[in-house]
Each structure stands twice: as structure tokens, then as C-alpha cells.
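Read the structure below first, then the notes.
Every number here is computed from the coordinates shown, using simple stated rules; none is lab data. Just so you know, these numbers come straight off a predicted model, no measurement behind them. Heads up, the Cβs are rebuilt from the backbone with ideal geometry, glycines too, and the neighbour counts pull from every protein chain shown.
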Amino acid sequence: MSERENVDHLPGQLALPRRTGRPLKLGGGPQNYLQNALTAVAEPFKGNTADSAVISGPFPIRATGFSTQTIREAAKAYLGALNAAQRTRALFPVDAKEWRMWSNIHRTIMRHGIPFCEMSDQQVERAFALLKESFSDQGFATARDIMRRNETVMEMTGRVDEFGEDLYWLSIMGRPSAAEPWGWQIDGHHLNVNCFVIGDQIVMTPAFLGSEPVFAQSGKYAGTRVFEAEEAQGLAVIRALDTAQRGKAVVSRDLPRDLFTSAFHDNHELRYEGIAYDELTPQQHDQLLRLMKIHVGGMRPAHARVKMDEVLRYVHETHFSWRGGVEENSVFYYRIQSPAIIIEFDHQAGQAFPQFKEHYRDHIHIIVRTPNGNDYGKDLLRQHYQRGHHASGQ
């Protein structure tokens, strides 16, 4: 039985104003962005580490007891709805370099797979069914709301060639299989999620989520908001610390320009900073774990519990750090880091709305990563190869 309900009929979820044939603005972005991205992708994958050394062993191939059959069936149904030419564009090898070629910026750079703006209504329905099977209900709602915020930006700026809720690309890596590894990726402005599946295991990182604006004041989605829980609970954690603890946790009053492990930072060395889990009280432990569960909870519930169990095995090696203010209306950055997970949250300066030159609360970036080589499920794929198996779809 699927954990998701009403997968085949998603009332109100499928009304995409697809603008087929519109001219998309290609290239652009920050200076040398594309060249730097290609250089980063060409580097051998290592994964994010705390001190340049990869810790081996945190992510073994194992049975979780929670079936991934419904995700596999949804992927097959999506592929079955594509024509032959679309399937050629949608399918990649399970170890394809395209895993690492996602970009959160709004310009159409390095996109691959099939964009929603080119899908029929049936294909859109099946694409959303795949996402809905993979996410929790809240995770799917957040993903859709991010896409809707992209429509809000289009309404506010009039830049139809750069923004819109149909400008997201869906790719399938490998062939959906019960025995062989495979996965899917969605790639577009502020929504970049990589989902790797092997047996009944799932790795759903890197997962980059963002929005500008966070709150829609006008347009068809007026009154809706994203990331309220991630923002409020982060502030609750730092404000629960006493003066001495806060002195350790707050490493700077200045916010970083962007997340440290955003796109094309797959091999970043990110040293531990801030306050250690063991320096917190039991009540503060609860606050921090509640925040971690919010970020992990984008996955389907059973596999989110599996991931939290993985995180809890390394809870005594977990660090929490903070940059920025701690008042109710402050802008801030926080990071949770351990051998099993990296979570970054950041208030950003204006990009779609450059008049906001300083960091402000209506532009948020979030990323969740699996350090020590298992983003994109790569450590699990390595173990699969070492066992003498071959990858499907190559």
C-alpha cells in the first residue's frame, strides 16, 4: 500500500500554465558561472567532508523494510507516458554526470531532461505522481509551492522567458528497477532535488530549496508562504541557548554570500563550527532534533524515519552554528553538521528583486546534503559496483 494517497488524481495540483514554444533566455548568470560549473562537475566526486578525509562506513547497503515499489511504478508510468523522442531526452545512465549538473539560479543553464512546459496534461500528472510518491505530503506541498513562487516572480517581473511554474526539468537516471540502482532529478529555479533508489533504500540529497519571495503578496497564489517552520524553529533553537552557549554557537554577525555547499560544491571541505550537541541540555536537544526532523521530513515518512535513525547514530558528533542576528525579525544563517548530514539555511540578498541589496527575510535558500561521499547515493552505488553488479541503463 502506498504511503501517498490520491496519487492518480491530484485536484488543484496540476493546473500549470504551460507556455509551450516560448523563447527561454539561455546562458547568463554570474560572471564565468557556466565555466566554473563545468570545471566543478569535471572533478572526480569525493563528497563534502569536515577535514578533507572521507569517513567510510556510515552508509552501508542494507534492507530498510520499507518498500520503494510505488516510487518505481510511478517512474515507469511517467516514462510510459512519454513518446520515444522524449524518453531519449529523459533517460540517463545511473552514474551520469548530469546528476551533478543542477543549478538553482533562474537562468536556463545546463538544464536536461524534459521540462514541464513541454509535457502534456497526462505527462504532468504522472510527473507529479512520481514526486508525490517520493516526498512526504508536506515535502510535496513545499515543492509545489516553490514552483508557484516562481510563477509569482514571473507575474511581478513580467520575465516570461526566465520564470514560471512550468520551468522545471525532470530526468530519470537508470531504469526503474527493483534489483538495480536508479533515480530521478528535478532541476529548476529554487527547486533541485536528487533522489537515488537502490532496493528499498533512498538517498534524497542534494536537496536544494529556495524562494524569492517567500510570501506571495499578489497574483494567483497571493497569501501563501514557504519555509515558515524552518525559519521559526531555527530561531527557537538559537534563542533557547544561554549566553555562554550562544557565544559558542554564533560564529559571526555577518551572513555568507550564499550557502557553502550549494550547486557545484560537491567536494567542499566544511569544517565543524559552533556548539556541539553534547554541550546542550536535554530540552535543547529536543529543540535541535525537532529542527532536523523538519528538514529531513521532506522525504516520504518511512524513509524519513530511516534517515533520522542514520542521523541519530552520529548525534554526539553533531554541531550547530549560527551567523547573523537572534531577534524575532533578524536575518540569519544556520548550519547543522555531522558525519551523516549537512543542513544549511540562509536569508539571501535580492536577486530577482535587486533593489533589496542586503539580506532580507523574503529570500531564503536551504540545502540538505549527505556528506562523506553519499550525495546522489554515490557511496551506495560504489558498494553496488564492488559487489560485482553492473549498472542498468548504461
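Details
- Per residue, the chain reaches -9500 deg cm²/dmol at 222 nm when only DSSP H runs of four or more residues are counted, each adding -39500 (n - 2.57).
- DSSP-defined antiparallel bridges as percent of all bridges, the chain, nearest 5: 90
- Ranked list, fewest to most other Cβ atoms within 10 Å of each Cβ, for E228, E165: E228, E165
- Structure-derived Rg and Dmax of the Cα atoms in Å - corresponding label in (i) 20.2, 66; (ii) 22.6, 69; (iii) 20.1, 62: (iii)
- Ranked by how many other Cβ atoms sit within 10 Å of their own Cβ, fewest first, the residues S211, S171 fall in the order S171, S211.
- By the rule of a C-alpha distance below 27 Å, with chain neighbours fewer than 8 residues away ignored, the lysines paired with K97 are K25, K46, K76, K132, K307, K378.
- Considering only the stretch 57-208, percent of DSSP beta bridges that pair antiparallel, nearest 5: 90
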